[in-house]
1. Once you average over the residues of B:89-96, how many Cβ atoms of partner chains fall within 10 Å of each Cβ?
2. Between A:216, A:189, A:312, find the one with the highest GNM mean-square fluctuation for chain A; connect C-alpha pairs within less than 10 Å.
3. Take chain C, connect every pair of alpha-carbon atoms lying under 10 Å apart with a spring to form a Gaussian network, then pick out the residue of C:137, C:253, C:43 with the largest mean-square fluctuation.
4. Give me B:336, A:245, A:311, C:49 sorted ascending by neighbouring Cβ count inside 10 Å, so fewest comes first.
5. Give the distance, in whole Å, between the Cα centre of segment C:142-166 and the Cα centre of segment C:177-213.
6. Cα centroids of segment B:1-74 and segment C:74-103: how far apart, whole angstrom?
7. What relative contact order, as a whole-number percentage, does chain C give when Cα pairs under 8 Å and 6 or more residues apart are counted?
8. What is the average number of partner chain Cβ atoms found within 10 Å of a Cβ in B:337-349?
């Protein structure tokens, strides 16, 4: 828990960073677009101009919330995992296997089973770098990056060769799931699928886990000061493995929810970087679950805005990348935040 | 003899308000070995940082060879002909000895050449090695040579840069007696070649053995500068420690009862495999305070860590009410009502980026009283924190304030509160009052005595001899990982007496030391 | 299938393919090596390569000069590396995050520019591109075996091999090289003798930019004659793995690149064999699995040494 003042400073800083990042994006538009105002308008206004686009924002935010949560849990315990992408594939793959291999099962049993298996898949795949870090001191940044490739390539092989739907042609995917397994729309006619509800539930659960439970206390303590945690009798190695496994389970959920809500089946390379976007989300949110929700929505808004901009102007949607990168760099610039806090402290003193 | 260096009225106040130097005078003559002694925190290292340009003095003057000296950084000091051999070696392990020595001042094959002239470098180094008798292989990698040779590399480094005045910061702290002898040999050779040495230490035997003059610092001030041949260890140690005991603790005579902890022939090694505890045997009973006196780094840290489950023992046992603590986990030992105030509250004792409440709950968050299934009962936790803060007089905005925002004294009270909150039967307190204000010191001392009177056994480890003497009922002196004496703390016991044991001058006979 | 591979080994096509694949890995890894030695790990090789690949093909097709193309690509990569330095050293962004950001940036910005400049979304292949030339060695090129082994490779292939020697000289034979190593390993020690630690770190990042820039330029104007979005496809991460496996030494990097290049070459050959059903994914996986296994191996060895000491 932070005291309200530092929390306030942090939020102000992040909002400022977001504004500066947006301004950077505008600058590029001004320089390169023939009609900058139309481009900026289609970037900022169009995503909110109709319900379909709002639904798209929600749908885009869903996997980002999960991967953002996944990485925020890992980061809070001092594990710099970059492995959500791989965990997402493994979890999504395992969940999908369950989905296609038990036809006829009641969805009330089937669906929970699919979720559980997706979580287990992600968690077990996360346990590998967790174990390597805790007991062999192997750098988790490297192991998770490498394991991402292993997961992507491995699942790609299976979906191309073993579990490929014969009718899928050149595009590798499994056979489509039964309709009643898929996540329906929240409100008929509104494009958002039920994944957003699960995602919000996940935010609440992770918030409770991190801030209200014994395990969350241990997770955060190990991340903040593992020496203190060890002094207090906490088994720090085990906690590190737990944290990355919880992250893996959440990443697995990201995969399966995306599949059930958007794709309808497991498709080769369906994620295309959701796990890496999660890193950005977690950084923007300062690892706070509620923050993850906000950051993911903002991020999805920018992404949808980039798409509407691509349709409504001469700007390609990759412009969003400039905004994202500036956002990441500014929000992570410790020097700037330390400076802000010192300035604030000085001002406070001057007032006294 | 001409005066080489004169530091006058040096004051240094750090931005956080700590006054490390409060008026130090130091005069070094050319060609002498000048010992600089003082307890930890007496201001030695700050003074040397100022001399070497690593810190700027708040006030005071430095004159070198008669002219005033203004240093912007170590580079300036080096240019002036000063060299410092740091206590923690400044060496890159994977580079060779030669590469480390010439680092930053490499020789090139020609004025326009890109390339190092390694042969010429090695020639120069061999010449130095020969001149000063500092034997070391220039082509060996630093990570492969023993500590004594690493130190030679450091000395060669300053000689290569043409240093005339060489500062040795506790050079013998990491050396074996044999290596120390060789070092002294080299130092004498350096003097023979016209160098001047400032030798920082707190080992008085070495002061007597090697120095020409000695300056004693205490609490940031120069106490005296003496000709070594006109003084003795007793006088120096008296000057170092100071006669006046700063504070006295009111306490009744101890009424020790049953044995709580019985340590038998405990041995332990550090990460490098060197022994740090040698056959340590101790006994602590209910209602008594056993103080461990000793110069820091003689095994106190490891003793505490072994007893609390943080460091493995290689042999021996520690029976706590008959049950062996060795091999138990930290959590198990804590659950057995052993309280532990760690020596470093900043890193081990507290999590500075967590709230006070979260710091206080560390020992209780698994306790059913504070939990509800997998959840921590936040309200009870906060109430508990409030009560503790009141009981232990922790002054902070609220229990939600960050531990890092507390002053040293208040933070230490949080640590003490947590460790006492479970009514420990054994309290292991390591440096319980280090760096805290006088008010907090008194408070903490009263709490410790109160626990003793309540029937707890207390193991007190402190680098402050005065603290050990004013609190303890019995005093065990540790030297080089060994308990060299166990003394009753009565009227007849003097600081000098303990000092001899602490510095390894005296040693109790085994049968007396054994309980 | 083994037969087909064997044929390619016998007629030395595999060597040609191997050299093509190992060159970008080798170049990028040399860059990663220098920054790694100086303690400023640059994980943005992937993004730097993309930026350079695009810049160099754009400049090359615009000016008709492959040399200018390479120079421009490398210049952009060096500039971006300086930016990484600014953010990580000055603004204290974790260098991993800074590198990660550049990877995203490299991927997105090149697509953005391709779209803006050429109106293309997926790939850009200018006609009549003046590629980095191949070096045909007179007389030798007609000698069997040796001719195919030595002649006809791109200039950049040769440059990569020469740069290995250059790195050996730079790291081990110059004062600067010693400073690099000292800064990476013991910054306090370096500082205590007056070495400007930050400046050395900036320069190390610049080197990594230069090398990654060469690697990227080769991808678009040597290995192929086009820019495809995300055309690095993990090469930068392979290079990162090579840095780890290469034992922090240019020769180790050479060997590592050879192994990883071979895995890529075999993958390509297998993929091009008609009707092949072989799991190329697992061949592609080899470098990554090897990296993890090597990390585990190093860790176990360290642990055992430690245990022996105790």
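Bear in mind that the values in this text are calculations on the coordinates, not laboratory data. All values derive from a computational prediction rather than experimental measurement. All Cβ positions, glycine included, derive from the backbone under ideal geometry; neighbour counts span all protein chains shown.
1. Shielding by partners across B:89-96 averages 6.
2. Among A:216, A:189, A:312, the largest GNM mean-square fluctuation belongs to A:189.
3. Highest fluctuation of the listed residues: C:137.
4. Working: B:336 15, A:245 24, A:311 9, C:49 34.
Ranked by crowding around the Cβ, least crowded first: A:311, B:336, A:245, C:49.
5. The distance from the Cα centre of segment C:142-166 to that of segment C:177-213 comes to 32 Å.
6. 41
7. Across chain C, relative contact order equals 34 percent.
8. Shielding by partners across B:337-349 averages 2.
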